[in-house]
Amino acid sequence: MSFPLYVNQGLFRICQGIIFVLLIGFLGLTLTANAQQKVTFGKGNTTNVTVTSSSNASSQTGVKTLTSGGYLPNKNAAARLLSQATLGTTYSDIENVATQGIEKWVDQQLAMPNSFKITPYLQNLHQSILDSIRRVDPDRTLANTFLSDWHFDISWFQGNMTAPDVLRWRVALALSEIFVVSRVSAFENNPYATASYYDVLLENSFANYRTLIDKITYHPSMAVYLTYVNNKPADFNNNKQTYPDENYARELMQLFSIGLFQLNLDGSEKKDANGKSIPTYDNEDIANLAKVFTGLGWGDSKYLGERSKDYWSYTKRLKFYPIDSSDAYIRTWTTRHRIINGHEAGVKTFLGKTIPARSVEQGELDIKDGLDIIFNHPNVAPFISRRLIQRLVTSNPSPAYIQRVATVFNNNGSGVRGDLKAVIRAILLDAEARDCCNNGNTEFAGALKEPFIRYTNLVKGLNLTSSTGIYRNSMRRAYDRMGQLPLFSPSVFNFFSPDYMPDGPLKGTGKFGPEFQTLNAQSLTGYFNALNTWLISDTPVDYNGFFGNETYKPEQAPKFDLTADYPLTRNDRLTQLLDKYNLILAHGRLSEKSLNIIKEALQKMPLTITNGVMNTDDAFRRTRIAIYLIMASPDYIINK
């Protein structure tokens, strides 16, 4: 099915200037015709205002009347929270949060255990494929039943659609864009490498940051991606000098923990006497930290340096090898083997701290000390807090917002540093996150929705349901059209930089629009074309066959069932249709002007009613084009 001509013409007019409109929408600019100062009370404005109340309850301070925090959560407020804390939500989810309250919902989500592990699901899928193939090829084994990247994507999508701990899944995606590992690497087409790594992120989304960096450091996917697997100490042999690989040491500091410059608790850069930013580390720090990460090899190897590994090697924690005995395994024809240290011995000094000299057998304590030094660096709290706020709430958090969250990172209230559960709670329940008006400052509020999150918003918001509970979706269209899928970034720097400043109104403001780095003519038109396929052509999933001559299973490729909305496509009920999906997809943010434009476009579409019976094809088109236009609007794409 395709758009009628008049709808195409209307879409062309709507989309002609959409990139500029997106920037204006991000800025939230307000123009005034005169210089008279306007003071607004309420709508979040509390500057120089003191409010007292008769209640003695500490949680019932009078100022909450102005910030809106004193009101019971309404559906718009509930939907807005869910737009930040989930990858998509249904109308019933919104009603649930509105009824029970935002804080209670967040606490319930944080208390939920990890309900879905991708690797076991992938293993079961792998085995079922093998079982089917063995009917015609009895000698086939798991080892030669080949998988591809998209088997991870299918497994990821199954978890996303079925796991009840939806906040964990949103945070795990955020972590995957900070602690970046990508299939654009040596483990391309090994879904076990990506599944096992993503399981680490899911399992540790609400754990301690110190635990998380330990799990990441010892994960083979990170070790292969940043080239420190089989990392050996400095050596001089056969007139060739080699040094420890510095890749992970550099990126661990720059991207995963402390950043390039020293920070105040509020995320602002410290300055020296000349007003220049102060670097957090130099090349000597990198070189010494690289020595710490020597001696780590495959968990299923006999020696340091083994390279040929299978699918399952990526699911095993790295092993520490104090001695490099690889020569004995490689040069088996001789008895004169070169046995050397696998770990760099001696003192290691970086970031102003010193790890004492130890025997190589105790070298794993160097790794522990090195991670402890990074974990306790004062930059970690503001650095990680800002990154997580950007991924969940807003591209430009105020310094005060960053400081409040960083304070929780440093101490969760019980003397614990690095408690990610407490950090996520602080981010989502902070006044700046919950106040829709941001204390009257809507300029630069919110963030451009990532392309992939727009897709998950669609499949979750329209309640895509499989009759068997099994989804087979490789999500290829999301990547081919919009350039984004989990663990598929082009480099360790993610799909976009946290400090990216797009051209246009943001230039020169000192403000950032990270996700705008993904926005260009190709990705935007790709998004519109993908929406057309998902909605109008009614193909929301990309079904892949697992092996030749497999029987097609339509129940694993569900379509949207929107027939309940057909009565709302009548001209006199279009407002109800638009209000419903404005709430589900945009937490009620579409302006009256945008809604009127969409309504007028829908009214121009035919809707035949014969003897009180509505033409289902006409209702089908109206419903889906209504959703299409909502999801194409700047009010939706900019999440505030």
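The values are calculated or read from the model by the stated rules, or taken from the named source; none is laboratory data. Here the structure is a predicted model, which is why all the values come from computation and not from measurement. All Cβ positions, even for glycine, are placed from backbone atoms using ideal geometry, and neighbour counts span all protein chains on display. Keep in mind that these areas ignore ligands, DNA and RNA; they rest on the heavy atoms of the full protein, side chains included. Shrake-Rupley method; radii C 1.70, N 1.55, O 1.52, S 1.80 Å.
What to note about this one:
- The range 230-371 - percent relative contact order, Cα under 8 Å, separation 6 or more: 22 percent
- Counting charges near V408 (Lys, Arg +1; Asp, Glu -1) among other residues having Cβ under 11 Å from its Cβ returns a value of +2.
- Sorting T563, T518 by solvent-accessible area of protein heavy atoms yields T563, T518, largest first, with a 1.4 Å probe.
- The range 71-180: chymotrypsin sites (Phe, Trp or Tyr not before Pro) in DSSP coil with no more than 14 other Cβ atoms inside 10 Å: Y71, F146
- Relative contact order computed over the chain (Cα-Cα under 8 Å; 6+ residues apart), in percent: 17 percent
- Loop-located trypsin sites (Lys or Arg not before Pro) across the range 81-188 with a Cβ neighbour count of 13 or fewer within 10 Å are R134, R135, with loop assigned by DSSP.
- Stretch gain in nm, segment T349-N529, where the contour uses 0.36 nm per residue and the Cα spacing is subtracted: 59.4 nm
- Largest to smallest in accessible area, the residues H337, H377 fall in the order H337, H377 (1.4 Å probe, all protein chains included).
- Straight-distance crosslink candidates among aspartates and glutamates, where the alpha carbon sits under 16 Å from K553 and sequence neighbours closer than 8 are dropped: D542
- Where Cα atoms sit under 26 Å apart: lysine pairs in the range 289-402 separated by 8 or more or lying on different chains: 17
- Helix 521-531 vs. the chain, principal-axis angle (Cα, 0 to 90°, nearest 10): 70 degrees
- The range 454-584 pair-distance distribution - Cα-Cα, 5 Å bins, rounded %: 2, 9, 13, 16, 16, 15, 12, 9, 5, 2, 1, 0
- Loop-resident trypsin sites (Lys or Arg not before Pro) (DSSP state other than H, G, I, E or B) in the range 547-608 with no more than 12 further Cβ atoms inside 10 Å of their Cβ: K604.
- Helical runs (DSSP H, four residues minimum) scored at -39500 (n - 2.57) apiece and divided by the length of the chain put the mean residue ellipticity at 222 nm at -12500 deg cm²/dmol.
- With the convex hull drawn around the C-alpha atoms of the chain, the volume per residue stands at 200 Å³.
- Length available on full extension from D327 to E600: 0.36 nm per residue minus the Cα-Cα distance, which gives 90.7 nm.
- Tilt relative to the chain, helix 592-603 - C-alpha long axis, 0 to 90 degrees, to 10: 70 degrees
- Across the range 219-299, counting alpha-carbon atoms alone, Rg and Dmax equal 16.0, 52 Å.
- Take the Cβ atoms of K104 and A357, set R0 to 51 Å, and the FRET efficiency comes out at 0.45.
- Over the range 74-157, the Kirkwood radius and the radius of gyration, each from Cα atoms, give a ratio Rg/Rh of 1.25.
- Inter-site label distance for S491 and K580 at 7 Å from Cα along Cβ, in nm: 4.6 nm
- Local net charge near P113, Cβ-Cβ under 15 Å (Lys/Arg +1, Asp/Glu -1): -1
- Seen from D214, the other residues with C-beta closer than 14 Å to its C-beta sum to a net charge of -1, counting Lys and Arg as +1 and Asp and Glu as -1.
- Residues of the chain were split at every exposed loop site, defined as GluC sites (Glu not before Pro) in a DSSP loop with at most 12 other C-beta atoms within 10 angstrom, and the longest piece left, sites excluded, is 189-549.
- FRET efficiency for D372 and D282, using Cβ-Cβ distance with R0 set to 30 Å, rounded to 0.05: 0.90
- Principal-axis tilt of helix 283-292 within the chain, Cα atoms, nearest 10 degrees: 70 degrees
- Efficiency of FRET between D617 and S115 - r from beta-carbon atoms, R0 41 angstrom, step 0.05: 0.55
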